[in-house]
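Dumping the structure here so I can ask a few things about it.
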Amino acid sequence: MLENLLDLVKQQAGEAIVNNPAIPNHQNDAAIAEASGSIAGGLQDLFSQQGGLKDIMKMFGGQDQGAATNNITQHLSGGLVQNLMSKFGLDSQSAGSIAGSLIPGVLSNLVSKTNDPNDSSFSLQNIFNSFSGGQTSGMDIAGLMSKLKSGALDLDGDGDTDLQDIMLMMSKSGGAGGILNKLKGFFGN
């Protein structure tokens, strides 16, 4: 999974890194590897945050992709800018320019490849397993995304799935035991 992400960053790194005079040619590979590692680390960090996970699910699910992707892009850009400044001595404007031109393209291609049934380089299940530290192993992530896309988990009808929907699910299902049974049904367990 991480090797595929590195390849994706390499594909997008032309103008941002390779043809950028702020990065000496002998440091191109190191800068690409740093960008890949920053993106992977940033995504893993987002998986551990309630709002971040929600944005990731929206991004891959195609719901409110603009706002969700903007939140993710800002988070990933901040980490990459800091790393480029500290490891390559770039000023904030140069590092910001690299992050601003690289990250949106990488995310767009990541979503596109993940949602393309003819492209096996990325799978939603592998992405979630990798960035959640294996915590989603055994869950039907594609099934959950399908439920999110169809609005099946938006119980309060406000256009998103959030804490209010979980609270409604608990009240309709008879508390925590009921919600666990309902969620097991969604995940196919």
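A short reminder: the numbers here are calculations on the coordinates, not readings from a lab. It should be emphasised that the depicted structure is a prediction, and the values quoted were computed from it without experimental measurement. Every residue, glycine as well, gets a Cβ built from its backbone with ideal geometry; the counts of neighbours run over all protein chains shown.
Quick check: from the Cα gyration tensor, does the range 86-137 come out rounded (a/c under 1.5), prolate or oblate?
Working: a/c = 4.21, a/b = 1.83, b/c = 2.30.
Verdict is oblate for the range 86-137.
Further question on the same structure: For the range 47-137, calculate the relative contact order in percent as a whole number, restricting contacts to Cα pairs under 8 Å that are 6 or more residues apart.
Numbers: 64 pairs, mean separation 19.0, N = 91.
Worked out over the range 47-137, it gives 21 percent.
For Ala33 and Gln74, calculate 0.36 nm times their separation in residues minus their Cα-Cα distance, and state this gained length in nm to one decimal.
Value of the extension gain: 12.8 nm.
Same structure again: Starting with the fewest neighbours, write out Val18, Val111 ranked by other beta-carbon atoms found within 10 Å of each beta-carbon. Show your work: numbers first, answer last.
Details: Val18 14, Val111 18.
Least to most surrounded, the residues fall as Val18, Val111.
Another question about this same structure. Using only the Cα atoms of the range 2-131, what semi-axes does the equivalent ellipsoid have when each is the square root of 5 times a gyration tensor eigenvalue? Give whole Å, largest first. Write down the numbers at each step before the final one.
On the way: eigenvalues 120, 51, 30 Å².
Equivalent ellipsoid of the range 2-131: 24, 16, 12 Å, largest first.
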